[in-house]
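Working notes, beginning with the structure itself.
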Amino acid sequence: MSPETVVLRGLDAGIAADVAAVEAIDHHAHPMALGIELSGDPDQPIQPYDFGQPLRMRPDNPEYLDAWAGLWGYEDRDWSLANLARLVERKEAVIAEQGADYNVWILNRLKIRTMIGIAPGPLASLPPPRFRWCAFSDWFLWPFPVEGVLSPMQTGYRATNDRLTHEHSPAGRPSSVDAYIADVMIPVLARYAEQGAVGIKFHGPYNRPLNFDFVGAAHADALYARGLASGSLSAIDHKALQDFLFERLVILAGEQQLVVQMHTGYGVRPDFVIAGSNPLLMERIVHLAHRTKFVLLHGGWPFVRETVTMLANENVFTDFSCACLFHYPRALSHQIRAALEWYPEKLLYGTDAYSERAIAMLAGLPPKANPLGGWEEKAWLMNRTGRTALALALSGMQVDGEIGSERVAELIDKVMGGTAAELYRGL
């Protein structure tokens, strides 16, 4: 039976229809510029990665049949190579037919009014106002290599840091930590804001735990001087310098009205340390940078209660992006309901629709050529799951007498875009 034909127990049809009809703001996703993804192999159009992933994140998830039908009109409902080859041709024909408007065409199919994409800068094939951008920003925390072997992701941070530091300090690496903040951090953040960025995003626990401890300015300057002298820092010294830099960076971001998006909870890298992704580890930072708005991405799962508790801070928000792929709708509805019953004005809609390049970067592996599992197909699945789960959560709250029909309508508006429009400037 196709999931399209399943009627979930407790799902109010009217509420589901109202949620499905909303032109949403997707506040966190990874749409790809045209021409970036690898071309597919006709003999192997589905290429799985060689590490464990949750069931629904695997490329043989049968729900992709629904995504292919919804986006490309795939009617065969099977996985035969001959039919998948024709499906790839159909997708390529749509891309060619839509041309520069292709990514906007995808948003129209999903009823997404605006998508905030995580990117290094504004991209021509992801045009505003339908697409806005949030800047990759972990590179700020890598002025020096850490002793030992760097992951591909960290090597990328180092390359970006070297490039942008040279651009803003052509005479050489700034001579002190204060000079690094003044010559690199401040002007780059200002440029992001001028170019239309609405936030900065951190992978965080993919590289280090979220406990950004207090480090005094004198100690940080001594660490920076040590890095200048030796060309690298030990892991312990590197974390301490990062602690200091992150604290300064998020305060500066708040001054530029840039929202700080932070990965929390489960990660797909094989050696990911889940304990280091607990949002409670960020309490000191969110208290200190109280004028900066933070979004704890993915609802922090499995730390859902901890995430909801963090919403007690006026400057902290959360979403259910990506959780709308590794959870089925009913499980996700419990996570959504936990936030709605405590801080309903703090919950944001997001998909985290990601490409194969994004998953490869996170996993530290070469990207696969998977033309039938791009950000578009993942967005389709995540969009359906997220909307269904929100409707299921609201249905349960209404049946239990927690909210009435008017409040249901208000919460749909807030979660599906109203809160994001208030949080991010210019939306």
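The values are calculated or read from the model by the stated rules, or taken from the named source; none is laboratory data. Quantities reported herein were computed from a predicted structural model and do not represent experimental measurements. Because the Cβ atoms are built from the backbone with ideal geometry, glycine has one as well, and the counts that use them run over all protein chains shown. The protein model used for the area step is the full one, side chains on, heavy atoms only, and it has no ligands, DNA or RNA in it. Shrake-Rupley method; radii C 1.70, N 1.55, O 1.52, S 1.80 Å.
What the table below lists for this structure:
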| quantity | calculated |
| --- | --- |
| Residues satisfying the stated conditions in the stretch 282-320, i.e. closer than 19 Å to Ala29 by Cβ, aliphatic (A, V, I, L, M) and touching a residue at least 60 places away in the same chain (Cβ under 8 Å) | Val295, Leu297 |
| Test: Ala240 is modelled with pLDDT of 95 or more and either charged (D, E, K, R) or not in a loop (DSSP other than H, G, I, E, B) (or both) | yes |
| Hits in the stretch 94-153 - residues which are under 21 Å from the mean Cα position of the chain (by Cα) and among the acidic types (Asp, Glu) | Asp138 |
| Number of the condition not met by Asp66 [criteria: (1) within 30 Å of Phe202 (Cβ to Cβ); (2) acidic (Asp, Glu); (3) open to solvent by less than 40 Å² (accessible area, probe 1.4 Å)] | (1) |
| Residue that is surrounded by the fewest Cβ atoms within 10 Å (Cβ to Cβ) [pool: residues in the stretch 400-410 that are within 14 Å of Val19 (Cβ to Cβ) and touching a residue at least 24 places away in the same chain (Cβ under 8 Å)] | Ala409 |
| Residue among Phe51, Phe131 that alone is surrounded by fewer than 17 Cβ atoms within 10 Å (Cβ to Cβ) and touching a Pro at 6+ places or on another chain (Cβ under 9 Å) | Phe51 |
| Residue in the stretch 265-321 that is nearest to Gly52 (Cα to Cα), counting only those that are in a helix (DSSP H, G or I) and of a type in the set (Lys, Arg) | Arg305 |
| Selection count, the stretch 165-185, where residues are surrounded by fewer than 17 Cβ atoms within 10 Å (Cβ to Cβ) and touching a residue at least 24 places away in the same chain (Cβ under 8 Å) | 3 |
| Unique match (being surrounded by 24 or more Cβ atoms within 10 Å (Cβ to Cβ), within 21 Å of the chain's Cα centre (by Cα) and not in a loop (DSSP other than H, G, I, E, B)) among Ala360, Ala389 | Ala389 |
| Condition broken by Phe214, with the remaining ones in (1) assigned to a helix (DSSP H, G or I); (2) touching a helix residue (DSSP H, G or I) at 6+ places or on another chain (Cβ under 8 Å); (3) open to solvent by 10 Å² or more (accessible area, probe 1.4 Å) satisfied | (1) |
| Output for the stretch 86-120, where each listed residue is under 21 Å from Tyr74 (Cβ atoms), in contact with a Gly (Cβ under 8 Å, 6 or more places away or on another chain) and open to solvent by 80 Å² or more (accessible area, probe 1.4 Å) | Arg90, Arg109 |
| Residues located in the stretch 321-339, provided they are open to solvent by 10 Å² or more (accessible area, probe 1.4 Å) and in contact (Cβ under 8 Å) with a residue 60 or more places away in the chain | Cys322, Phe326, His327, Tyr328, Pro329, Arg330, Arg337 |
| Members of the stretch 134-153 that are part of a helix (DSSP H, G or I) and surrounded by fewer than 21 Cβ atoms within 10 Å (Cβ to Cβ) | Pro152, Met153 |
| All positions within the stretch 377-427 that are among the basic types (Lys, Arg) and closer than 20 Å to Arg109 by Cα | Lys378, Arg384, Arg387 |
| Single unsatisfied condition, Met397 versus (1) in contact with a Pro (Cβ under 9 Å, 6 or more places away or on another chain); (2) touching a residue at least 40 places away in the same chain (Cβ under 8 Å) | (1) |
